[in-house]
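Read through the structure below, which is laid out as structure tokens, and then see the notes.
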């Protein structure tokens, strides 16, 4: 049998990006006619078919679930995996995990590899690069072929599938409101650039809480980090120059580091500066002072995603039931970094 | 084609454990004659062959590497995965991760599933249950079939394959010696039960440092936790009763919690109590005071394991080169939880 050709092979052979190949095969207007013709001819010549194993998959269950996550440094994603494992194992499924490492190309490569007969369905959270590019063809190919997909946390409206998200806006809203009600008027927000859905939503919640209480927010106290990756220099510089009496952070690593910088400049926590961070992982629990956190319920999110996916995998009816988006509620866990 | 039968299927069908099936097929004397005959007859009937896809694998490279780790809550294993990804991606390989969740059965199931044509070779660290049972038949089957295997961190002498370990004994030795040289005479050691190789080695290093300096160690100051899992009650009770002037912990989670308990009882760190923990992850870096740590170089371990595995996968010669065990050196990273 001839080796199956993938987007990755075509991209390598023609020395273009995977994204270009993906768009060219969808006849996208973003790609020049010349390039499109070349790519389409090549794909035809080598008999490229998107995930051409998928049809046989329907009959041959693997009892494996593929999970693709952007990284494993952040505690949140590791707890999601624990939740997926728990639910999947209880139903007799194995779990295979791949990392996109926040890269569009790696996301596509991993998806192609797993869609190639190894798994019955996908649970995934989009890489930051995918959210930046807004190119979701690889997801559409998978769902078009009838492979069930559940997106969690970092999702997109552009793909029809089941989704599990947390009400990020609400989490930021409640944290902000708590601090404002305690008299804080100069809250600093360390969030992430708007191309990441979690960044946009959390910033919205922060602003909405100010508006609802009729208190102006300080634009100059909002720092948007380029990615979720720690860059101590940026946070240190921001906090050194800023005038703030509280900090809300988009993840616990930023928050714990923020506490450290605040303490170094002689500020007392929580009296002078209160700190709240998203995540609620080990760092929040064992920080000193322990960190008040917005729990994202990663394990529950994983369990929910796995339950939705398995339901769809095992659905034998001809009529597909409509896609659902489940929205989990965040919880504010009060610890010693805020006045309680 | 008839569905391939695995150890998991046989165990389920005959209502025995996977371990029993594995031993019965190896004709182990631990299993009763009756059970063995039943299992062997069943396996024959359904034409069971260990990893019977492996032969064809030799010709059909997948360019995938399978990694099986005991858990992802501990930062160490996530850094190993980062290292594997880095090296594997640079050589054009994808990485598939499965969790054994410290369970022997899950380790076997994941291994069977991946050996079934999905990967070119394995990188793995043994589950605690596997180390307790000392049953390594599933590993031997894989290597017997010519699928390359690299063990890291938690390894066994019972399987011939490439290995990467860190000199755990040396790490504990140097940490202990540092504290003894600073006049600490009542060091508490929070380690893990001896069935885990890392527990044995670190305890040995602790004792050897005392012997070399001619200082008696306090047997009653050694706490062996049942697993690497956090159980706050056990550590809190131990530290509340113990008389200690320093703590060395087998992982950073125990160490950060140990600092917390010591502080709660009015002890100053590092003056009254110095604390050192293995791992050197995010918790060590962002703890307050920051934690002096024995760096296990997880990323380097992952890179090294991937390099060894790929070398063996791509080896075309008929003569197999001898198996290697690479021993990495731990590094003591001095921070604020010890007097420097």
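Computed quantities for the displayed model
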{"item": "Per-residue average of Cβ from other chains inside 10 Å of B:246-257", "result": "1"}
{"item": "Sequence of B:208, B:312 once ranked by neighbouring C-beta atoms within 10 Å, starting from the fewest", "result": "B:208, B:312"}
{"item": "Debye log10 I(q)/I(0) at q = 0.12 Å⁻¹ for segment B:140-196, Cα point scatterers", "result": "-0.48"}
{"item": "DSSP bridge orientation in chain A - percent antiparallel, rounded to nearest 5", "result": "10"}
{"item": "Modelled label reach - residue A:326, point 7 Å along Cα→Cβ, segment A:58-93 residues with backbone N closer than 15 Å", "result": "A:80-91"}
{"item": "Label point 7 Å beyond Cα along the C-beta direction, distances from residue A:334 to other copies (nm, shortest first)", "result": "4.3"}
{"item": "Nm distances between copies for residue B:265, ranked from closest, using label points 7 Å along Cα→Cβ", "result": "3.8"}
{"item": "FRET efficiency, residue B:229 to residue A:211 (Cβ-Cβ, R0 45 Å, nearest 0.05)", "result": "0.50"}
{"item": "Relative contact order %, chain A, counting alpha carbon pairs below 8 Å whose residues are six or more apart", "result": "18"}
{"item": "Acute angle (nearest 10 degrees) that the helix A:298-313 long axis makes with the longest principal axis of chain A, alpha-carbon atoms", "result": "20"}
{"item": "Relative contact order for segment A:80-207, counting Cα pairs under 8 Å that sit 6 or more residues apart, in percent", "result": "19"}
{"item": "Kirkwood Rh (inverse of mean 1/r, distinct Cα pairs), segment B:109-162, angstrom", "result": "11.4"}
{"item": "Distance in nm between pseudo-label sites at residue A:134 and residue B:185 (7 Å out along the Cβ direction from Cα)", "result": "7.2"}
{"item": "Tensor-based shape of chain A (alpha-carbon gyration tensor, a/c under 1.5 rounded, otherwise prolate or oblate)", "result": "prolate"}
{"item": "For residue B:240, label point 7 Å along C-beta direction: distances to other copies, nm", "result": "4.4"}
{"item": "Taking only Cα atoms of segment A:7-50, radius of gyration then Dmax in Å", "result": "9.0, 24"}
{"item": "Three-way shape call for the protein assembly as shown based on the alpha-carbon gyration tensor, with the a/c threshold at 1.5", "result": "oblate"}
{"item": "Ellipticity estimate at 222 nm from DSSP helix runs (n ≥ 4, -39,500 (n - 2.57)) divided over chain B, nearest 500", "result": "-13000 deg cm²/dmol"}
{"item": "Cα-based helix-to-principal-axis angle, A:75-90 vs chain A, degrees rounded to 10", "result": "50"}
{"item": "Per-residue average of Cβ from other chains inside 10 Å of A:65-75", "result": "3"}
{"item": "Ranked list, fewest to most other Cβ atoms within 10 Å of each Cβ, for B:111, B:225, A:230", "result": "A:230, B:225, B:111"}
{"item": "Computed over segment A:284-338: relative contact order in percent, which uses C-alpha pairs under 8 Å that are six or more apart", "result": "66"}
{"item": "Between helix A:197-212 and chain A: long-axis angle, C-alpha atoms, 0 to 90°, nearest 10", "result": "40"}
{"item": "Shielding by partners - mean other protein chain Cβ count within 10 Å, residues of A:283-291", "result": "5"}
{"item": "Shape of segment A:168-296, Cα gyration tensor, a/c cut at 1.5", "result": "rounded"}
{"item": "Estimated FRET transfer efficiency (residue A:15, residue A:268; beta-carbon r; R0 56 Å; 0.05)", "result": "0.45"}
{"item": "Most fluctuating residue given options B:65, B:18, B:276, as computed from a GNM of chain B linking Cα atoms under 10 Å", "result": "B:18"}
{"item": "Residue with peak Gaussian network fluctuation, chain A [Cα springs, cutoff 10 Å], from A:289, A:216, A:70", "result": "A:216"}
{"item": "Part-to-part distance (alpha-carbon centres) for segment A:234-257 and segment B:112-164, which is given in Å", "result": "45"}
{"item": "B:44, A:311 arranged by Cβ crowding within 10 Å, fewest neighbours leading", "result": "B:44, A:311"}
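Just so you know, all these numbers are worked out from the coordinates, no wet-lab data involved. All figures in this text were calculated on a predicted structure; none of them were measured in a lab. Positions of Cβ are generated from backbone atoms using ideal geometry, with glycine treated the same way; all protein chains shown enter the neighbour counts.
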